[in-house]
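The values are calculated or read from the model by the stated rules, or taken from the named source; none is laboratory data. Bear in mind the structure is a predicted one, so any value in this text is a computation, not a measurement. Please note: Cβ atoms are built from the backbone with ideal geometry, for glycine as well, and neighbour counts cover all protein chains shown.
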Amino acid sequence: MTTSDLADVTMRRAAPADIPRMVELIAGANLPPLFISEYLDGFAVGEQGGQVVGCGGIEMYGSSAVIRSIVVGERMRGTGLGRKLSELLMSDAKAAGATDLYLFTADAHDFWQHLGFVDIALGDWKAEARVNWQYQFISQNADLIGGEIYTMWRKA
């Protein structure tokens with residue numbers, strides 16, 4: 001696959017009918033497919049030929065946004081779709097008033113560094129963003145997770 005494969009990918013807001021495919025993509029990437037319907041307004045999908053081939057979302061907490069579940073289907077990896085989804089969601093967050101962007105990653109550390117994110121400690125998250133369900137789980141289970149998950153931040 002090449003970036004020319006993106007020419008026929010449509011980016012759009014996620015709809016309730018997309019949830020089963022989003023769950024499949026997210027779970028297939030070993031990410032937790034949780035709270036999708038609760039935060040569906042913050043999700044976007046990439047669609048090709050009537051099929052969702054990528055997804056991702058943001059959760060807003062005051063002036064902070066948590067980026068989550070950026071996943072691209074296997075046959076679309078390497079096309080730039082993940083970057084396109086990420087940039088769209090970062091733009092959405094900024095338009096919604098976010099000044100800070102946070103995320104957790106295990107397998108995509110280098111990807112996020114290329115997008116300007118830096119490693120931070122959990123304790124460096126703004127208080128408003130600590131309400132996020134991922135933050136709550138990770139901060140309460142750090143001993144189970146160990147060094148497998150990176151906490152990252154950048155200005156919106």
Confirm whether VAL71 is farther than 24 Å from SER139 by Cα and in contact with a Gly (Cβ under 9 Å, 6 or more places away or on another chain). no
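Among the residues of the stretch 131-156, write down those that are assigned to a helix (DSSP H, G or I) and in contact (Cβ under 8 Å) with a residue 40 or more places away in the chain.
If we filter the stretch 131-156 for residues that are assigned to a helix (DSSP H, G or I), which is where we start, we get 131, 133-140, 142-148.
Listed by number, the residues that qualify are VAL131, TRP133, GLN134, TYR135, GLU148.
Yes or no, residue by residue, for (1) assigned to a strand (DSSP E or B); (2) within 20 Å of TYR135 (Cβ to Cβ); (3) modelled with pLDDT of 95 or more:
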position: GLU24; (1), (2), (3): no, no, yes
position: PRO32; (1), (2), (3): no, yes, no
position: GLY56; (1), (2), (3): yes, yes, yes
position: ILE70; (1), (2), (3): yes, yes, yes
position: ARG83; (1), (2), (3): no, no, yes
position: SER91; (1), (2), (3): no, no, yes
position: LEU101; (1), (2), (3): yes, yes, yes
position: ASP107; (1), (2), (3): no, yes, no
The condition from (1) touching an Asp or Glu at 6+ places or on another chain (Cβ under 8 Å); (2) more than 21 Å from SER91 (Cα to Cα); (3) among the hydroxyl-bearing types (Ser, Thr, Tyr) that SER139 misses is numbered (1)
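Matching residues to (1) over 21 Å from GLY97 (Cα atoms); (2) among the β-branched types (Val, Ile, Thr); (3) touching a Lys or Arg at 6+ places or on another chain (Cβ under 8 Å):
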position: ARG13; (1), (2), (3): no, no, no
position: GLU24; (1), (2), (3): yes, no, no
position: GLY28; (1), (2), (3): yes, no, no
position: GLN51; (1), (2), (3): yes, no, yes
position: GLY57; (1), (2), (3): no, no, yes
position: ILE70; (1), (2), (3): no, yes, no
Failed item, numbered, when GLN51 is tested on (1) over 19 Å from ASP5 (Cα atoms); (2) in contact (Cβ under 8 Å) with a residue 24 or more places away in the chain; (3) among the polar types (S, T, N, Q); (4) surrounded by fewer than 23 Cβ atoms within 10 Å (Cβ to Cβ): (1)
Can you find, within the stretch 4-21, the residue that is modelled with the lowest pLDDT among those that are under 22 Å from ALA108 (Cβ atoms) and in contact with a helix residue (DSSP H, G or I) (Cβ under 9 Å, 6 or more places away or on another chain)? ASP5
Scanning the stretch 77-96 for residues that are over 17 Å from LEU6 (Cβ atoms) and among the hydrophobic types (A, V, I, L, M, F, W, C), the one surrounded by the fewest Cβ atoms within 10 Å (Cβ to Cβ) turns out to be ALA95
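Being over 27 Å from GLN136 (Cβ atoms) and surrounded by 13 or more Cβ atoms within 10 Å (Cβ to Cβ) is true for just one of MET11, MET60. Which residue is that?
Numbers: MET60 fails: over 27 Å from GLN136 (Cβ atoms).
Only one candidate qualifies: MET11.
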Please go through the stretch 89-112 and pick out each residue that is over 25 Å from ILE138 (Cβ atoms) and under 14 Å from the mean Cα position of the chain (by Cα). SER91
Residue, farthest from TYR39 (Cα to Cα), within the stretch 117-129, restricted to residues that are in contact (Cβ under 8 Å) with a residue 24 or more places away in the chain and assigned to a helix (DSSP H, G or I): ASP124
Looking at the stretch 56-77, I want the residues that are on the phi > 0 side of the Ramachandran plot and have a partner that is among the acidic types (Asp, Glu) with Cβ atoms under 8 Å, at least 6 apart or on another chain. Which pairs are those? GLY62/GLU128
